[in-house]
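The values are calculated or read from the model by the stated rules, or taken from the named source; none is laboratory data. Computed from a prediction, not measured in an experiment: that's the story for all the values here. With ideal geometry, Cβ positions are generated from the backbone for all residues, glycine too; neighbour counts draw on all protein chains shown.
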Amino acid sequence: MIILDSNIPPGPLEMKWDRRRFSGKLVSPANKRRIKIIVVGTGLAGASAASTLGQLGYQVECFCFHDSPRRAHSIAAQGGINAAKNYQDDGDSVARLFYDTIKGGDFRSREASVYRLAQISTQIIDQCVALGVPFAREYGGQLANRSFGGVQVSRTFYCRGQTGQQLLLGAYSALCWQIERGQVTMRPRTEMLDVIVADGHARGIVVRDLVSGRLSAHTAHAVVLATGGYSNVYYLSTNASGCNVTATYRAWKQGAAFANPSFTQIHPTAIPPAGDHQAKLTLMSESLRNDGRLWVPVSPSDRRSPNAIPPSERDYFLERRYPRFGNLVPRDVASRAVKAICDEGRGVGPGGQGVYLDFSDVIRQQGIEVVRERYGNLFEMYQRITGENAYEVPMRIYPAPHYTMGGLWVDYNLMSTIPGLFVVGEANFADHGANRLGASSLMQGLADGYFILPYTIGHYLATVDSPPIAEDHGAARAALERVEARIKKLLQGKGRRRTAASFHRTLGKILWDHCGMSRCAAGLRAALEAIPPLREEFWQNVVVPGSGDMFNQELEYAGRVADFLEFAELMCHDALHREESCGAHFREEYQTEDGEPRRDDERFAYVAAWEYREGEAPVLHKEPLNFEFVQPTTRSYQ
Amino acid sequence: MSRVKVFFNSSVNSKIVASLAGLGLTGFAIFHMLGNLQVFEGSDAINGYASILRDMPILLWTARMGLLIVAGLHIGLVIRLALRNRQGRPVAYAVRRYRAASVASRTMVLTGSLLLFFIIFHLLHLTAGLIDASAPDGLDIQGRVDVYGKIIHAFRNPLYVGIYFVGQLALGLHLSHAISSGLQTLGIEHAALNRLFKLAGSGIALFVVLGNLSIIFAVFLGLIRA
Amino acid sequence: MLVAGRKRRGGYRRIVKLTLRIWRQRGPNERGGLVTYQVDDISPDMSFLEMLDALNQQLIMAGEEPVAFEHDCREGICGSCSLVIDGVPHGPDRGVTTCQLYMRRFADGKTITIEPWRARAFPIVKDLVVDRRALDRIMQAGGYISVNTGGAVDGNTLLIGKEEAETAMDAASCIGCGACVAACKNASAMLFVAAKVAHLATLPQGKPERTRRVMAMVQAMDREGFGSCGNQYECEAVCPKNISVRFIALLNREYLRAGILGTKMPAQSDPPHGESY
């Protein structure tokens, strides 16, 4: 029985976090030494949490499936990190960052959490500077900023195109220090496969040593999941190939509510898939749309080379549909428009998945040098991947899933509905509502890990006093058995006719078509009908070579695909139940005559938190969103 | 003793000391070549130069001992480093392609070993006079050791010319990598001057080798005679 | 040389056949060897890793064990991928990782040899996967600034000139893939260590610990069994982030400085005044 208590402290918005910090109980230094905390994942949230907890004196055991904690996918974030420093004196403030974030999330996030995020944002920058993160600087030595993601102030801090990497290396270095001090025990190449819940509290995890294949139970006073997002459920996404839903999904099956699973963000300007072999999609900066024009041939049967198509036979579809914003409409709008065009059969390139992003006009008007200066590195990257010279022929772009706002439900203290199980970073659902703004994910990951969790977990540990269970405790043994049985089953596919990747691709296609950028009841129902037989076939026919007690990448992958096959259904349930269009969730039935999304605050101003029931459909719980401080408004771009 | 051991257990310390020693030896090679160039001024000049050196036995033998120690240090350290380096990759690549490493840099152990043998040979040959029994052992008119005569005698013989030529090739190759490498190891680099540092290596190597070879071939080709 | 066709709109699909010689090794202590595979159906638009994916799908369907290799972000930033392709770490293109290499770079009918990073400090886990924890241990020895979370001063209190910041960023862009070690004749990790030392020594935040840091990191590097630097600069030539060997000179300088200035006077212990306050 799940009861959602968001645990938001009372009082004025600006005071809530201070109050929580003051009212939270503290753990005495002597006791901290005896308390063990498990952290799973070493991205921004995980590494910053593990290092800070180690610094506070807890005994931390930290797990990641990579060969090194530095490789987590946070590393791939390019753009930057937001903070309400107002260094540019352009009118930024905590309140403005708060408002931009909550509006960007289309009023589907918690006011108190978002406000706290905006408050903490400034501390993050200072902390990262102290750790040696080489942020871009002005000639005078001050920190440089740029504006990002269509906001009107310059509040984004950056390290060239490698902000995520540099922030992660900062957190990683802090983690290294704590490992050296003996506060953190690092366990790379270990994958978490289940949560151990005893007496209603999360007391440990079951992991598989990826080198030896050995399964083991690790117990602790509390467990922190920092295991990232699940965009890879779509098979093709901009996520790293290892990103998966397994940790959060297994936690869900043990009683943690999963919130807003259908809120997934799809980025409009990725390089299109070149064929069936495609393993991942590469993102291109959104800034390309500042100068490039999107178009497709008017006639679907037009197979001429793009430069041979005269302007009169081109459809500049964004300019046509959104005359006021043209090619600069927001991410979700652009993505949907591109998909609609391709669904009409007018897409270009392999499989008709792509539209032209054409720079010939700006090259003609301003010269090739200007374009080279602005986008040279992007054109180079494009050429490396596609072999095409975008100065001569138009680029082709196609949307790609790249971030998931949904995640395990957490209260204001970042604790899930399983007491003792905390969730940080992209793995939780908090803060971004139905749509995330650019440069906000890094901010949230670090806020959770450096500044929020270390306080809130202390209160839990101080108030719940029970020693860790033994590693052969009944609950631990049961969890181990669950994992063992599952691995055994994976290795026993009878028909042996399809690889895990092939199932994954099919699943991805179902979700992309029906639970991607635009959704409708009929499509979602079709998806819900298609997924169970696919899953069944998977368990019948999947080929997993080798055995469980060895380094076996295919076994790891098959296990993740198996979880995606179950989780996809949850996504579709969530998307189907939310009969409104908000943020990244666009339901075709709920749009205005101009094709704009229609949000329904009367019926759907809540967080949808789903509870797992064995053998039944997931059960919906609602956390109502009360907007005391801001007034929900409508987004419009026409 | 343990302090010394700890010091030289650091690969970077070993390299710094080996570089310093190597650069010292390079200095000697330059000085040696310049001194020998007096052969072009005739027997009086070179014999006089040699006799000045021999007239200061304390200086001469201190310098010789010093050189021996520096050379010993250099050789000892680089052998130790090379052995350690070899352990760095117990299984070799089946296919190996170099992009940046020069021929000189890849043959340092070979050229260094050749150089060592060559120097021993050279010492036995021209300094101690133990190799060629037919070499003149006399004094010149003024009663000084007739270095000039020894040189003329030695380099009329194609066998010795050949051996010295190979020795000089080894020296040239070794120095062309060693000098700029030594500067890098000592941390001497500069955005604007790096190309100069790089050129300095091959430049000095060429300078020393050409100087030495000029003597050998001048004698061999009969440009300098007795 | 016949280079597999550049893609054009329309009929760009050229199929390439290749012979692969891949290092197969079941475990750290097992004997390994090069095994030859034929792959056809290779599109020039495939990335090198997608080509290996395709091979693995074939192997799995044939009931064989797929080739283990490391990969994650597939966009050249995580540092996971680590293949020596025809004798060059990360393959024939410069300034990129293996995952950023595309098949149009290879001629039809070519034989490609694929080996793991080879170094004593990087024992093979399986096939082309190696254990690079040695690099983490070097970082743990000193590749950090010891500051606690919380209480950091405002980021602008510390003025850092643009040029210093850029230099620090140049060094910090190391992705820790270990190609420098793989390329070095001596399997030296100097470029890796130098990048971190230079990053932190260039910034004022890193200065207080610079002496201890460089000493500890070099010591850890030696302990892990990496060779020493021969100044051949193969590392720079294969570095996917083009990290300059100038940072190695900087490391040497830092080390010299630490050696000369770092020898502390023996610490004077406080006079005993008991527990009285």
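Just to verify a result, which residue in segment A:598-631, among those that are in a strand (DSSP E or B) and in contact with a helix residue (DSSP H, G or I) (Cβ under 8 Å, 6 or more places away or on another chain), is nearest to A:L13 (Cα to Cα)? My answer is A:A608. Kindly indicate whether any position in segment C:108-129 is at pLDDT below 95 and either of a type in the set (A, V, I, L, M) or in contact with a Lys or Arg (Cβ under 8 Å, 6 or more places away or on another chain) (or both). Checked against the condition, which is being at pLDDT below 95 and either of a type in the set (A, V, I, L, M) or in contact with a Lys or Arg (Cβ under 8 Å, 6 or more places away or on another chain) (or both), segment C:108-129 yields at least one hit. Taken together, the residues in segment C:53-79 that are hydrophobic (A, V, I, L, M, F, W, C) and in contact (Cβ under 8 Å) with a residue 24 or more places away in the chain amount to 7.
If I ask for residues that are more than 10 Å from chain C (Cβ to nearest Cβ) and either closer than 16 Å to A:G516 by Cβ or assigned to a strand (DSSP E or B) (or both), which ones from segment A:265-290 would you list? The answer is A:Q265, A:I266, A:H267, A:P268, A:T269, A:A270, A:P272.
Working only within segment B:1-36, note down all residues that are under 30 Å from B:I141 (Cβ atoms) and either within 10 Å of another protein chain (Cβ to nearest Cβ) or surrounded by fewer than 17 Cβ atoms within 10 Å (Cβ to Cβ) (or both). If the condition is that a residue be under 30 Å from B:I141 (Cβ atoms) and either within 10 Å of another protein chain (Cβ to nearest Cβ) or surrounded by fewer than 17 Cβ atoms within 10 Å (Cβ to Cβ) (or both), then B:F31, B:H32, B:L34, B:G35 are the ones that fit.
Please enumerate the residues belonging to segment B:187-204 that are over 20 Å from the mean Cα position of the chain (by Cα) and either closer than 17 Å to C:F247 by Cβ or not in a helix (DSSP H, G or I) (or both). Hits for segment B:187-204 are B:G187, B:I188, B:E189, B:H190, B:A191, B:A192, B:L193, B:N194. Of the residues in segment C:205-261, how many are touching a strand residue (DSSP E or B) at 6+ places or on another chain (Cβ under 8 Å), in a helix (DSSP H, G or I) and of a type in the set (S, T, N, Q)? Final tally of qualifying residues: 0. Report yes if C:A182 is facing chain B (nearest Cβ under 10 Å), part of a helix (DSSP H, G or I) and of a type outside the set (D, E, K, R), otherwise no. Here the answer is yes, as C:A182 does meet what is asked.
When C:A237, C:A198 are checked against the criterion of being at pLDDT 95 or above, within 24 Å of C:E115 (Cα to Cα) and of a type outside the set (F, W, Y), C:A237 stands alone in meeting it. In summary, C:D108 fulfils each of the numbered conditions (1) touching a residue at least 12 places away in the same chain (Cβ under 8 Å); (2) charged (D, E, K, R); (3) within 30 Å of A:V211 (Cβ to Cβ) with the single exception of condition (3). Residues of segment B:37-62 that are free of Cβ contacts under 8 Å to residues at least 12 places away in the same chain, surrounded by 14 or more Cβ atoms within 10 Å (Cβ to Cβ) and within 19 Å of the chain's Cα centre (by Cα): B:Q38 alone. Taken over segment C:83-97, the criterion of being assigned to a loop (DSSP other than H, G, I, E, B) and either farther than 16 Å from C:C180 by Cα or out of contact with any Cys (no Cβ under 6 Å at 6 or more places or on another chain) (or both) is satisfied by C:D86, C:G87, C:H90, C:G91, C:P92, C:D93, C:R94, C:G95, C:V96.
Considering each residue of segment C:115-132 in turn, at least one proves to be within 7 Å of another protein chain (Cβ to nearest Cβ), of a type outside the set (D, E) and within 24 Å of A:Q162 (Cα to Cα). Remark: pairs (first residue in segment C:212-225, basic (K, R); second residue surrounded by 24 or more Cβ atoms within 10 Å (Cβ to Cβ); Cβ separation under 7 Å; 6+ apart in sequence or on different chains) = C:R212/C:G142; C:R213/C:G142; C:R213/C:V197; C:R213/C:L200.
Residues that are over 27 Å from A:E191 (Cα atoms) number at least 3 in the following helices (runs of 4 or more DSSP H) confined to segment A:448-532: A:453-463, A:500-514. Applying the condition of being within 16 Å of C:R94 (Cα to Cα) and either out of contact with any helix residue (DSSP H, G or I) (no Cβ under 8 Å at 6 or more places or on another chain) or crowded, with 24+ Cβ neighbours inside 10 Å (or both) to segment C:209-237 and asking which residue is farthest from the other protein chains (Cβ to nearest Cβ) yields C:C235.
Listed here are the residues, each with its yes/no results for (1) assigned to a loop (DSSP other than H, G, I, E, B); (2) modelled with pLDDT of 95 or more; (3) of a type outside the set (G, A, S); (4) closer than 30 Å to C:E50 by Cα.
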residue: A:V296; (1), (2), (3), (4): no, yes, yes, yes
residue: A:R303; (1), (2), (3), (4): yes, no, yes, yes
residue: A:E319; (1), (2), (3), (4): no, no, yes, no
residue: A:A334; (1), (2), (3), (4): no, no, no, yes
residue: A:V362; (1), (2), (3), (4): no, no, yes, no
residue: A:E373; (1), (2), (3), (4): no, no, yes, no
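The one condition from (1) out of contact with any Gly (no Cβ under 7 Å at 6 or more places or on another chain); (2) surrounded by 22 or more Cβ atoms within 10 Å (Cβ to Cβ); (3) part of a helix (DSSP H, G or I) that A:V129 does not meet is (1). Cβ separations smaller than 6 Å between residues 6+ apart or across chains give the following pairs from segment A:423-446 residues that are within 24 Å of A:G255 (Cα to Cα) to residues that are part of a loop (DSSP other than H, G, I, E, B) and modelled with pLDDT under 95: A:H432/A:G105; A:G433/A:G105; A:G433/A:D106; A:A434/A:G105; A:A434/A:D106; A:A434/A:G583; A:A434/A:A584. Could you tell me which residue of segment A:533-549 is surrounded by the fewest Cβ atoms within 10 Å (Cβ to Cβ), considering only residues that are assigned to a loop (DSSP other than H, G, I, E, B) and away from chain C (no Cβ under 11 Å)? Top of the filtered list is A:D549. Quick check: anything in segment A:51-63 touching a strand residue (DSSP E or B) at 6+ places or on another chain (Cβ under 8 Å) and within 9 Å of chain C (Cβ to nearest Cβ)? Among the residues of segment A:51-63, at least one is touching a strand residue (DSSP E or B) at 6+ places or on another chain (Cβ under 8 Å) and within 9 Å of chain C (Cβ to nearest Cβ), which makes the answer yes. In the set (1) of a type in the set (A, V, I, L, M); (2) away from chain C (no Cβ under 14 Å); (3) surrounded by fewer than 17 Cβ atoms within 10 Å (Cβ to Cβ), B:A154 fails one condition alone, (3).
Evaluate segment A:286-305: report whether one residue or more is under 21 Å from the mean Cα position of the chain (by Cα) and among the acidic types (D, E). Among the residues of segment A:286-305, at least one is under 21 Å from the mean Cα position of the chain (by Cα) and among the acidic types (D, E), which makes the answer yes.
Candidates A:Q123, A:Q88, A:Q152: the one that is within 14 Å of chain C (Cβ to nearest Cβ) and in a loop (DSSP other than H, G, I, E, B) is A:Q88.
Looking across segment C:142-179, the residues that are part of a helix (DSSP H, G or I), more than 7 Å from chain A (Cβ to nearest Cβ) and more than 14 Å from the chain's Cα centre (by Cα) come down to C:G142, C:T157, C:E163, C:E164, C:E166, C:T167, C:D170. In this entry, A:I196 passes the filter for residues that are of a type outside the set (F, W, Y), in contact with a helix residue (DSSP H, G or I) (Cβ under 8 Å, 6 or more places away or on another chain) and assigned to a strand (DSSP E or B).
Within segment A:557-579, identify whether any single residue is modelled with pLDDT of 95 or more, assigned by TED's automatic domain parsing to the domain that holds A:T506 and not in a helix (DSSP H, G or I), and answer yes or no. Scanning segment A:557-579, I find at least one residue that is modelled with pLDDT of 95 or more, assigned by TED's automatic domain parsing to the domain that holds A:T506 and not in a helix (DSSP H, G or I), so the answer is yes.
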